[in-house]
Amino acid sequence: MLADDGVWRLEDLARIELSPPTEFSAPGAMCGDLGDNGALVAAGQLFERRDDRWYSFDANASAAASPSSVLRFDGDCQGTDDVTWMTADDGTLWRVEAARVDRPVQFESLVAGAATSVPRAGGLPETMLALVDAEHLWIGPGDWQAWAFSGPVPSAVHASGGYLWAHSGASLLRFDGDAWVEIGHDLAEPVTGLAAHPGGVWLQGESEVCHVATATMIQVAGVRAFGRSLTDDYLFEVRASDADAELSALLDGEPLELVADAETGWHQGELRLDALGWHELRIDAGDGQRSVLVKRLPEARRSWASDIAPIYKQSCEGAGCHQPEGTSPPDLSSYEAWLERADKIRVRVVDAQIMPPVANRGPEWNDDSVKLIAEWLEGGMLP
């Protein structure tokens, strides 16, 4: 929690005071676990917690254009693209990565914003952003699409569990990345606010609140959605809103054993993240499903100049390979080229290990080369 005089954490009903950065002053916004690798936004600066220290980024922008809020992914700071998205009072959208910052777009009269990740065939879920201005609801961040509705422009948008939620007049709307559908609800008065969570949404009226769930809801404890940590072993618990629903769990598509506790209704399980990077814990219960994405971070922080460039020089620069100014195969002689092709490098070099081709590998290429590249990719792709 943020307070005028500092930062607090509630844990098992205990209130724990955390030490904020010395430059912090309220008001502000936060995301993630501030005791680990969460972030604060205050006074135009982004403060990130890492290795028990605070690191800051100064936007160096006018007060109106400086970031003032974070688009959170179920409470955390980043989706699977490892990007932190922030908005400013003047409608500026900020994109912050480990090694670069930009302002891709500015919205006129920005009203609200939200972020989540939606499933993508053959890969990790991808980031979906929604921004509402005075005239439209925009969905990005790739090719921004403007949506207009038969009713009024939504006054709020929330996101969770791969869905966007908005209300237009008396209509409650949900977007799954492809289409909007109207969801029925029992609130008998105008909707004044909403708060989404995995599996449903709370609606606020002038004098009452109403909850809407579209399927069996699933609680997960012990693993935080979009959590990023050095931890590779987790004990977790799951419970369904329907006590009679059969529960099952998968980690990256492989089944996990669940042990039921008849007294509490919780089911316990264990998972191990053998590889660096993002992993998906999927829970099924009756007609409900919940996906929890968690990332295992590398212990070592790698940079392109110190760790990746030497590998490129030794193993990728030869004739017929990824030479400077080459087109086929493409040039991989620069930091920017590796950033642009990071997804393909992850799939071909780290996951499938089909590149470099076996016939082109010299004695200098070994498992340590793959490990270094994986640590660089999952550790923030520093220059």
Val41 vs. criteria over 30 Å from Gly123 (Cα atoms), modelled with pLDDT of 85 or more and in a strand (DSSP E or B): yes
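In the range 44-79, which residue that is outside any strand (DSSP E or B) and of a type in the set (D, E, K, R) is farthest from Val7 (Cα to Cα)?
Step one: filter the range 44-79 for residues outside any strand (DSSP E or B), giving 44, 51-52, 59-66, 71-72, 74-75, 77-79.
Checking which are of a type in the set (D, E, K, R) leaves us with 51-52, 72, 74.
Working: Asp51: 18, Asp52: 15, Arg72: 18, Asp74: 20 Å.
The qualifying residue farthest from Val7 (Cα to Cα) is Asp74.
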Members of the range 79-112 that are under 23 Å from Arg50 (Cβ atoms) and either aliphatic (A, V, I, L, M) or crowded, with 24+ Cβ neighbours inside 10 Å (or both): Gly79, Val83, Thr84, Trp85, Met86, Trp94, Val96, Ala98, Ala99, Val101
Hits in the range 1-24 - residues which are assigned to a loop (DSSP other than H, G, I, E, B) and closer than 17 Å to Arg49 by Cβ: Met1, Ser19, Pro20, Pro21, Thr22, Glu23, Phe24
Within the range 317-332, tally of residues that are in contact (Cβ under 8 Å) with a residue 24 or more places away in the chain and closer than 29 Å to Glu126 by Cα: 0
Some residue of the range 318-336 being of a type in the set (S, T, N, Q), buried (at least 16 other Cβ atoms within 10 Å of the Cβ), on the phi < 0 side of the Ramachandran plot and touching a Gly at 6+ places or on another chain (Cβ under 7 Å): no
Any strands (runs of 3 or more DSSP E) falling wholly within the range 96-150 and containing at least 3 residues that are out of contact with any helix residue (DSSP H, G or I) (no Cβ under 8 Å at 6 or more places or on another chain) and not small (Gly, Ala, Ser): 101-106, 112-120, 123-132, 137-140
Test: residue in the range 310-317 that is touching a Cys at 6+ places or on another chain (Cβ under 9 Å) and in a loop (DSSP other than H, G, I, E, B): no
Pairs with Cβ under 9 Å, 6+ apart, first in the range 114-131 and of a type in the set (Lys, Arg), second part of a strand (DSSP E or B): Arg120/Glu126
Restricting the range 333-362 to residues that are free of Cβ contacts under 8 Å to residues at least 40 places away in the same chain, farther than 22 Å from Gly277 by Cα and part of a loop (DSSP other than H, G, I, E, B), the residue that is farthest from the chain's Cα centre (by Cα): Pro357
Where a residue in the range 156-182 is in a loop (DSSP other than H, G, I, E, B) and its partner, wherever it lies, is surrounded by fewer than 17 Cβ atoms within 10 Å (Cβ to Cβ) and among the charged types (D, E, K, R), with Cβ under 8 Å and at least six apart: Gly162/Asp176
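Which of the residues belonging to the range 196-228 are outside any loop (DSSP other than H, G, I, E, B), surrounded by 15 or more Cβ atoms within 10 Å (Cβ to Cβ) and not β-branched (Val, Ile, Thr)?
Result: Ala196, His197, Gly200, Trp202, Leu203, Gln204, Cys210, Gln219, Gly227, Arg228.
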Criterion (under 25 Å from Leu230 (Cα atoms) and surrounded by fewer than 12 Cβ atoms within 10 Å (Cβ to Cβ)) met by exactly one of Asp33, Asp58, Asp4, Asp12: Asp12
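Here's the yes/no breakdown for (1) modelled with pLDDT under 90; (2) over 23 Å from Ser109 (Cα atoms):
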{"site": "Met1", "(1), (2)": "yes, yes"}
{"site": "Gly35", "(1), (2)": "yes, yes"}
{"site": "Gln45", "(1), (2)": "yes, no"}
{"site": "Ala61", "(1), (2)": "yes, no"}
{"site": "Ser69", "(1), (2)": "no, no"}
{"site": "Thr80", "(1), (2)": "no, yes"}
{"site": "Thr92", "(1), (2)": "no, no"}
Qualifying residue in the range 340-349 (condition: surrounded by fewer than 16 Cβ atoms within 10 Å (Cβ to Cβ) and either touching a strand residue (DSSP E or B) at 6+ places or on another chain (Cβ under 7 Å) or more than 19 Å from Thr80 (Cα to Cα) (or both)): no
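The values are calculated or read from the model by the stated rules, or taken from the named source; none is laboratory data. The model shown is predicted, which means the values in this text are computed figures rather than measured ones. Note that each Cβ is placed from the backbone with ideal geometry, even for glycine, and that neighbours are counted across all protein chains shown.
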